[in-house]
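Asker: Got a structure for you, questions after.
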Amino acid sequence: MLKKFFESEKNFNLLIATEVLLILAIPVGIANVVLGYIIGESPCTLCWFERTGMILIGVLGVMVLRYGLRMRYLAAMAFSSFFGLYMTLRHTSMLLHQDQGQGFGDAMFGAHTYSWGVFVYWVSVLALVVILLFVRPNNPVSQDLAGTRKVIKPLSKYSKFVVVMSFAVCCSNAFQAFLENGVPPFAGKGSPIRFTLDITKASEDWTMSLWKRAVSSWSLRGPRDIDTPYVVGVNEKRTFNTDPKAAPLPTSGNLKLIGKTELPFAPEGVFGLGTVTGVSFNEKLNKFAFVTNNAGIYYTDSAIKNVTDHAILDRPNGNDIRVTVDADFWGNNLVAMAQNKTLWGTKLVDPEKVDPWWQWRVFREASPAFADVWKTARPRFNTSRARLSYTTNVTFDALNQAHILTVPDNKQKHSILATFDMSDRKVLSERNLKAHASFGKIGKPLDYYAVGLEAVGNKLLAVSAQYNTLLVIDPERAVIEKTFALPEMVKPHSLTVANGELFILGLEGNKNVIYRVEMPSL
């Protein structure tokens, strides 16, 4: 019986007419008449793109009703669905992160209007699948598709109703678009005024700003087109001014280099060699811990002479931690973080307490004492002000709080200090990093680039690759209180404190080293 259904041209025409009704006439008609003429809501630029895709699919459906199925119609429908779905997902993704119930414009049946496009275009893709089920040997639909039959098909009463309704909806939308946006070169806008039939009021809001935005900053990723951060040995496209005298804030003195040690291991991680990107010292264990960009973990003795424990995390399975940028001890847990604010944690325990299966599940290889902190879970730090920024550092303080400093990029020219409560990993505060009032008027942006962060008492110390400077920060106010010129080092990054000295990672050629630098007066 189902086979007989798909062999009927009448059923095919019924399906196409219904598709046009569900994709064009009803959703676009409701948006145009109810939201536009009755409520007075005007579509933004992306709303118009969503409507345009629906109208194109509907018009193509009318063409199929009249002239039969053609390969060019199918291809155009698929492309219109692709175009509309992209615009809908782009529009929806810009607002999904908002708190519950928040959005742009009115909601219909519990969902904001722009999100309904996801459902409509899902229906259009499903309709394409169903259309192809009608392509069977020797039936009229197959003949139309193959080009062996060329006829102008009569329309049923139902099809005529759908076509007339769709035509009216298209004309009404064109009229609304003219009143709201004007004629070229005027174009759409991100936040339009309410819809009005008074052209004298509507024309006051006509604008050409869309073209300026499109030429200057157009990107498939929109506001998320952010430069990937500088990470030593991974992404070194960014160059820095390493002269502390060129910094926006004057330094309080020069710190001395005490010594340098080459790391006693060739850093490895998932898929081979890597670069050491994070270091931390644990007084209770009396050990240093190092992590690599590709999720390798090394513990050494306090003299950094011998490796005591080594593991490689199963990085590919789970939340994205492609580039690990730093690590710090949270109690006895070594917690590392990727540039996208995703965490992963390991710890050393009595080998007798290690579950072999879970160790295999979490690690690609591991010494007997390695265990996980969150099993296979990898928590994330979610932010608001800093959500479009990357970071290259993390540290934990004695108050069970975590701190990160974002790094400047092509969109954000300053750093944001974010603090989290580790009991639930929720954000406590996000503040733009500022200078203490004692510095007076500052003549240039605070474009420091923090590649290492460490909590010391009630202060934060940050190593800035830009200007080769150590920053002393008050985390309660997100204020830089002092700056110190660091000694000359090669690609300094990550930071820890041990035995009253600063330990800063470096990369000299292909050698991972750690520099010992004197501790400043805080």
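Asker: Would you please name the residue that is farthest from the chain's Cα centre (by Cα), looking only at residues in segment 246-275 that are in a strand (DSSP E or B) and hydrophobic (A, V, I, L, M, F, W, C)?
Answerer: Ile258
Asker: Next question. Would you mention how many residues in segment 436-459 are surrounded by 17 or more Cβ atoms within 10 Å (Cβ to Cβ) and of a type in the set (Gly, Ala, Ser)?
Answerer: 3
Asker: If you scan segment 271-284, which residues turn out to be crowded, with 18+ Cβ neighbours inside 10 Å and either hydrophobic (A, V, I, L, M, F, W, C) or farther than 23 Å from Leu470 by Cβ (or both)?
Answerer: Correct list: Gly274, Val276, Val279, Phe281.
Asker: Another question about this same structure. Could you tell me how many of the residues in segment 273-284 are closer than 17 Å to Asn235 by Cα and of a type outside the set (A, V, I, L, M, F, W, C)?
Answerer: Final tally of qualifying residues: 4.
Asker: Residues that are surrounded by 14 or more Cβ atoms within 10 Å (Cβ to Cβ), hydrophobic (A, V, I, L, M, F, W, C) and more than 27 Å from Val270 (Cα to Cα): does segment 366-383 have at least one?
Answerer: For segment 366-383, residues surrounded by 14 or more Cβ atoms within 10 Å (Cβ to Cβ), hydrophobic (A, V, I, L, M, F, W, C) and more than 27 Å from Val270 (Cα to Cα): absent.
Asker: Counting only residues that are touching a Gly at 6+ places or on another chain (Cβ under 9 Å) and in a strand (DSSP E or B), which one in segment 285-310 is surrounded by the fewest Cβ atoms within 10 Å (Cβ to Cβ)?
Answerer: Among those residues, the one meeting the criterion is His310.
Asker: Could you check how many residues of segment 109-159 are in a helix (DSSP H, G or I), of a type outside the set (A, V, I, L, M, F, W, C) and touching a helix residue (DSSP H, G or I) at 6+ places or on another chain (Cβ under 9 Å)?
Answerer: Qualifying residue count for the region: 10.
Asker: What is the number of the single condition among (1) exposed (fewer than 15 other Cβ atoms within 10 Å of the Cβ); (2) under 35 Å from the mean Cα position of the chain (by Cα); (3) free of Cβ contacts under 8 Å to residues at least 60 places away in the same chain that Asn241 does not meet?
Answerer: For Asn241, the exception is condition (3).
Asker: Please verify whether segment 348-362 includes one or more residues that are in a loop (DSSP other than H, G, I, E, B), out of contact with any Phe, Trp or Tyr (no Cβ under 7 Å at 6 or more places or on another chain) and under 28 Å from His403 (Cβ atoms).
Answerer: The answer is yes; a qualifying residue exists.
Asker: I'd like to verify a number: residues in segment 367-405 that are over 21 Å from Gly331 (Cα atoms) and touching a helix residue (DSSP H, G or I) at 6+ places or on another chain (Cβ under 8 Å), how many?
Answerer: Total meeting the criteria: 1.
Asker: Next question. Among the residues of segment 67-87, is there at least one that is of a type outside the set (Gly, Ala, Ser) and in contact with a Lys or Arg (Cβ under 8 Å, 6 or more places away or on another chain)?
Answerer: Taking every residue of segment 67-87 in turn, at least one turns out to be of a type outside the set (Gly, Ala, Ser) and in contact with a Lys or Arg (Cβ under 8 Å, 6 or more places away or on another chain).
Asker: On to the next question. Can you tell me how many residues within segment 485-518 are aliphatic (A, V, I, L, M) and surrounded by fewer than 15 Cβ atoms within 10 Å (Cβ to Cβ)? First the steps, then the outcome.
Answerer: At the first step, the residues of segment 485-518 found to be aliphatic (A, V, I, L, M) are 485-486, 489-490, 495, 497-498, 502, 504-505, 507, 513-514, 517.
Within this subset, residues satisfying the condition of being surrounded by fewer than 15 Cβ atoms within 10 Å (Cβ to Cβ) are 490.
Selection size over segment 485-518: 1.
Asker: Please find, within segment 384-405, the residue that is nearest to Val451 (Cα to Cα) out of those that are surrounded by 18 or more Cβ atoms within 10 Å (Cβ to Cβ) and under 14 Å from the mean Cα position of the chain (by Cα).
Answerer: Applying the filter and picking the extreme gives Thr391.
Asker: Continuing with the same structure: State the number of residues belonging to segment 30-45 that are assigned to a helix (DSSP H, G or I), surrounded by fewer than 19 Cβ atoms within 10 Å (Cβ to Cβ) and of a type outside the set (Val, Ile, Thr).
Answerer: Selection size over segment 30-45: 1.
Asker: So for segment 46-58 (the condition being free of Cβ contacts under 8 Å to residues at least 12 places away in the same chain and either assigned to a loop (DSSP other than H, G, I, E, B) or of a type in the set (D, E, K, R) (or both)), does at least one residue qualify?
Answerer: no
Values quoted throughout were computed directly from the atomic coordinates according to the rules given, and no laboratory measurement underlies them. From a predicted model like this one, the values you see are computed outputs, not experimental measurements. Glycine also receives a Cβ, built like all others from the backbone with ideal geometry; neighbour counts cover every protein chain displayed.
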